[in-house]
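The structure appears below as structure tokens.
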Amino acid sequence: MSRNLDRRRDGLAGPEPGERDRPVGRRNADGIRVDPDVEVEHDPRRTIISAYVRDEPGVLAGVSGLFHRRQFNIESLTVGPTQNEGYSRITLVVEEPDPGIDQAKKQLGKLLPVVHVRELDADPVARELVILKVNGEAPDEVHAITEMYDGETLDAGPETITVRITGDEGKIDDAIDAYGQFGIREIARTGQAALARGAAETARVDESHT
Amino acid sequence: MSGEPKPASPGTDPAEAAPSDADTATTDTTDSDTTEVAPPDADTGETETAESATAAAHTAETAAPAADETDATEPADDGTGEIETGADAVVCALENAGVEHLFGVQGGAIMPVYDALYHSEMAHVTMAHEQGAAHAADAYGVVSGAPGVCMATSGPGATNLVTGLADANMDSDPVVALTGQVPTDFVGSDAFQETDTIGVTGPVTKANFFADDADDVGTDVGTAFALAAGGRQGPTLVDLPKDVTNGDASEDPGEPRTPSTHDPPETAAPDAVAAAAAVLAAADRPVILAGGGVVKADATATLRAFATEHGIPVVTTMPAVGAFREDHDLALEMAGMHGTGYANMAVTMTDCLLAVGTRFDDRLTGGVETFAPDAAIVHVDIDPAEISKNVEADHPLVGDAGAVLDQLAAAMATSPDAAAWREQCRQWKQEYPLEYAAPADEPVKPQYVVEAVDDATADDTIVTTGVGQHQMWACQYWTYTEPRTWVSSHGLGTMGYGVPAAIGARLAAEDDQDVVCFDGDGSFLMTCQELSVAVRENVDVTVVVLNNAAIGMVRQWQDAFFGERHMASEYPWVPDFDTLAEAFGARGFRIERYEEVEAVLDEALSYDGPSVVDAHIDPDENVYPMVPSGGDNGLFALAEEQL
Ligand SMILES: Cc1ncc(C[n+]2csc(CCOP(=O)(O)OP(=O)(O)O)c2C)c(N)n1
Ligand SMILES: [Mg+2]
């Protein structure tokens, strides 16, 4: 078939941008339809996501790589074995607006070693442990603070005192503030470990994954 | 074109054939004998820094006894097809999966697997570069629907695959990659040609596996195959340490199976389907947005039945080009950055968007603030993580595209009352035709060449492309009527995809299907060495280089957004691609004037073997319509002044 070059074509035509029909609505930056006159912002919120995973090489790298790659804001990550051999629990504290939390859960669920993912509701059983090393000049005052926070002195010498505090995030932050007066030399925090409260299951796991 | 692809003879062991065949670009395997004797340090052909050479020598010294045990000089088995080694199990797993073609490049760490292929019926195509192997496997997967398989040695072989894997990952194309790895004992020692392939490829694969046991390696390959093919398709990789492939194994790994934690739902929740169907039936301005998932799910017939039954206009994403006949009355073709004016008007003005198998890529949506802002969105996808990732779904339906479309069809009590809307869409089609000016006294327009090739070939012709302006013209000015005939690099935008993809597509296509690659001069220069493969294997493809002596898409952006400063975007000189083709042993042609177009294309297309048409096109031509990055689809520009 021969193409007809004589047919005059003038290039692209049609109403210009300013002359076209326009929609009335709009979306926000998260792709959510919004009232054009009101700007709703999704504030980040802090939440705990618990993942029950098959314990295989690379699972932790997979989870941390995913959070890094997708720019999910992660506050802490803990991992440890469970009562079921070959399975671990990863507890993540994340701070994201709702769409980000939703994405984080779904993307986690796509990793092959991940058996179950759940966001723990507002009132989980959650604890963190911190080890603090402070200057040893005022042992009595340090001891008083440790008592107050129901902690434990792990090591004491002429130069430094090392203590352990366990609690929820708020309590640990408070304790660290309180020790500040003595001069904190070093801190090691574990990040939060958490389970669902009461009889609720943290992970729904069928028998093939226990 | 009528030539049948000539599959590689199963008896052609590339390592053996290489020294006598200078075209194959695999002569580096000639020193693989020494690699085999005492890996990993003895590959003498490589230049190394003094430091790494010492390190490797040290490693070999301290670990030599272990290496000797696992890497015998003699092949570990006689290659009879019995399962005696891990490598045999790998080959058996591929055969169980129904694999017919493999694309790869030999090398030390993968040699046991190649050796096990010696007696296999599967045909191996030795590519010039591992990137080519990955793209060929990708296109093979797109055209056939089943995973394409690529193979590479450790280190540079594996890293050369990465671009192709990332490409497949972005487009959810089914690919299985097998990479050699240094023996397990050497892993972590910076051994010769060691790369952390699992670490490097993790972010660009759907899943990857480090095979650590000869007894399980066949199952690992089967799992990788099942995962690449199942659910949301994608690339998977199995890293194969040499001691594992050389190790003893005896079990047939059986059929490919997905792991228990991979369990994509087939159908969506009935309540959600009912609610979505009600919204769709009540819509005044409904649009179906078909994504690549429709093609992947083989749901194009279902889509067509649904759209015609309910009179709903259909827009596609770029990977879904061909999912809905573009000459259909309801077809609005592609939306997005270089989509049609009518598709962009429709997605902007719709009040109900049924989006199937799409991830709402930013080149489709433009700025999300102005994407279908009046629409209730029904989003069908097999991957729950795509729901509300970029654009919020009012009605998420997680499941297989075809199965959920069937559910929706059953749940639709009535069709939307959309006659006026269809009329509006028709009017937009009239108002914004894809036209181009082609004055006879100016250089040949690329659009004209695309239309001419379309006219000269059958409807089921497969088109592959590089990335750039030529890709957009090939998309816009060819009328696609069948799924799996548009084979391109969408999400990653990988220059160089076209030629190796054409080879993979050719081997997966029906014998009587033509395969045409539209390439850019820049893209062609990235992978044209694969022509040597097309010639050697007698792969009948026609490459049409839309030669503008520029990396034109970049030049177009410089014109529009960088004050016409053409920094590093124009080639003051490009090779004569026709002569270059002849040097490779292909046929070369040249087009400079309109009068030559038909005759040259005729000759090139009818040549039984690879041919290259160097089409010198108007270097000033740009791609429009255009929605600038992050822009408003409804405000697409018809020319640069409107940007
Ligand atoms: C591997 C790679 N490198 C760089 C780019 C950026 N890029 C996008 S289009 C383009 C121009 C491509 O030139 P050519 O293949 O000649 O196509 P044309 O736009 O001229 O048709 C470039 C450099 C890319 N997409 N891929
Ligand atoms: Mg070019």
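Brief remarks follow.
- Under conditions of 25 °C and 0.890 mPa s, chain A yields 114 µm² s⁻¹ as its translational diffusion coefficient, taking Rh as the Kirkwood radius over Cα pairs in the Stokes-Einstein equation.
- Computed on chain B, with alpha-carbon pairs under 8 angstrom and 6+ residues apart, the relative contact order is 14 percent.
- Ellipticity estimate at 222 nm from DSSP helix runs (n ≥ 4, -39,500 (n - 2.57)) divided over the protein assembly as shown, nearest 500: -10000 deg cm²/dmol
- Average accessible surface area per residue within region A:45-120, 1.4 Å rolling probe, Å²: 44
- In order along region A:170-181, the phi-based Karplus estimate (6.51 cos²θ - 1.76 cosθ + 1.60, θ = phi - 60°) of 3J(HN,Hα) comes to x, 4, 5, 4, 4, 4, 4, 4, 5, 6, x, 4 Hz; Gly and Pro are listed as x.
- Test item: Cα-centred dipole of the protein assembly as shown, Lys/Arg +1 and Asp/Glu -1 on Cβ, debye: 2860
- Accessible-area composition of region A:125-194, carbon plus sulfur, in percent [1.4 Å probe]: 48
- Shape metrics for chain B, restricted to C-alpha atoms - Rg then Dmax, Å: 25.5, 80
- In sequence order, calculated HN-Hα J values of region B:503-518 (Karplus, 6.51, -1.76, 1.60; Hz; x Gly/Pro): 5, x, 5, 4, 6, 8, 6, 5, 4, 8, 8, 7, 10, 10, 10, 8
- The contact between chain A and chain B removes approximately 4100 Å² from the accessible area (both sides summed; 1.4 Å probe; ligands, DNA and RNA excluded).
- For the cross-link pairs B:296/B:445; B:296/B:429; A:110/B:296; A:106/B:206; A:133/A:171; A:105/A:133, the ones whose C-alpha atoms lie over 26 Å apart are B:296/B:445; B:296/B:429; A:105/A:133.
- Sites residue A:197 and residue A:135, calculated FRET efficiency, Cβ-Cβ separation with R0 30 Å, nearest 0.05: 0.20
- Residues in region B:336-357 that, when all protein chains are in place, have 10 Å² or more less accessible area than the chain alone would give (probe 1.4 Å): B:345, B:348, B:349
- What the pair-distance distribution of the protein assembly as shown shows, using all Cα-Cα distances binned every 20 Å from zero, is 14, 41, 34, 10, 1 percent.
- Of all DSSP beta bridges in the protein assembly as shown, antiparallel share, percent nearest 5: 40
- Label positions at residue A:46 and residue A:184, each projected 7 Å from the Cα along the C-beta direction, are separated by 1.3 nm.
- Note on residue A:98/residue B:620: beta-carbon distance plugged into 1/(1 + (r/R0)^6) with R0 of 60 Å gives a FRET efficiency of 0.80.
- Calculated FRET efficiency for the pair residue A:122/residue A:177, C-beta based, R₀ 30 Å, to 0.05: 0.75
- Label zone at residue B:595, where the point sits 7 Å out along the Cα-to-Cβ direction: region B:441-467 residues whose backbone N lies under 18 Å: B:441-445
- The residues of chain B expose, per residue, 34 Å² of accessible area to a 1.4 Å probe.
- Over all other residues within a Cβ to Cβ distance under 13 Å of residue B:579, the charged ones net out to -2, with Lys and Arg as +1 and Asp and Glu as -1.
- When the solvent-accessible area of chain B is split by element, carbon and sulfur atoms take up 49 percent of it, the probe being 1.4 Å.
- Accessible carbon and sulfur surface of region A:45-120 relative to its total accessible area, %, 1.4 Å: 48
- Among the residues of region B:588-613, those with an accessible-area drop of 40 Å² or more from chain alone to full protein complex, heavy atoms and 1.4 Å probe, are B:598.
- Sorted into 5 angstrom bins from 0, the C-alpha pair distances of region A:89-210 split as 2, 10, 17, 16, 13, 11, 9, 9, 7, 4, 1, 0 percent.
- At least 50 Å² of accessible area lost relative to the chain alone, listed for region A:98-134 with a 1.4 Å probe: A:103, A:106, A:110, A:112
- In terms of its C-alpha gyration tensor, region B:199-238 comes out oblate, because a/c is 1.5 or above while a/b does not outweigh b/c.
- Across peptide B:372-381, the average count of Cβ atoms from other chains found within 10 Å of a residue's Cβ is 3.
The values are calculated or read from the model by the stated rules, or taken from the named source; none is laboratory data. Just so it is clear, the model here is predicted, and its values are computed rather than measured. Cβ sites come from the backbone with ideal geometry, for glycine too, and all protein chains shown count toward neighbours. We work out accessible area using only protein heavy atoms, side chains counted, and drop any ligands, DNA or RNA first. Shrake-Rupley method; radii C 1.70, N 1.55, O 1.52, S 1.80 Å.
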